[in-house]
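The values are calculated or read from the model by the stated rules, or taken from the named source; none is laboratory data. These figures come from a predicted structure and were not determined experimentally. Positions of Cβ are generated from backbone atoms using ideal geometry, with glycine treated the same way; all protein chains shown enter the neighbour counts.
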């Protein structure tokens, strides 16, 4: 993907991260069972709309609670209950931009630490090694963004 489009994609994803992080965690019994119960539907009623058995709905609910269900199956059951499936991927911490910068940051920090170590052996160790690493990271990121 071209760099300018990659940057655009990162910023688009980052705009949605906070909203996604504000979503509640999945209920212990799963979203399917929780939604079905809240709607006052039985497994048999949902199964009838899907042209499946009540046991199939029970298996779908159990599979979701154990992280063993496919998105396709989730979408089908949700649709039978008059719902849509929405899923999202978010970084564990920070933003997508931070996550994308991490490899460059790690390489720059490693390289600066190597130079600082060599300078320390020559009794020339700089006081601001962390700032040097950050500056080198930004230099590399800016170089990559300007290509």
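Summary of values
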| quantity | calculated |
| --- | --- |
| Boolean, residue 126 is more than 30 Å from the chain's Cα centre (by Cα) and in a loop (DSSP other than H, G, I, E, B) | yes |
| Subset of the stretch 132-147 that is assigned to a helix (DSSP H, G or I) and over 26 Å from residue 117 (Cα atoms) - its residue that is modelled with the highest pLDDT | 144 |
| Qualifying positions in the stretch 10-42 - farther than 18 Å from residue 84 by Cα, touching a residue at least 12 places away in the same chain (Cβ under 8 Å) and assigned to a helix (DSSP H, G or I) | 10, 11, 13, 14, 16, 17, 21 |
| Residue that is nearest to residue 49 (Cα to Cα) [pool: residues in the stretch 59-87 that are out of contact with any helix residue (DSSP H, G or I) (no Cβ under 8 Å at 6 or more places or on another chain) and assigned to a loop (DSSP other than H, G, I, E, B)] | 82 |
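Let's see how each residue does on (1) at pLDDT 95 or above; (2) surrounded by 12 or more Cβ atoms within 10 Å (Cβ to Cβ); (3) within 19 Å of residue 90 (Cα to Cα):
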site	(1), (2), (3)
4	no, no, no
17	no, yes, yes
23	no, no, yes
35	yes, yes, no
40	yes, no, no
45	yes, yes, no
62	yes, yes, no
72	yes, no, no
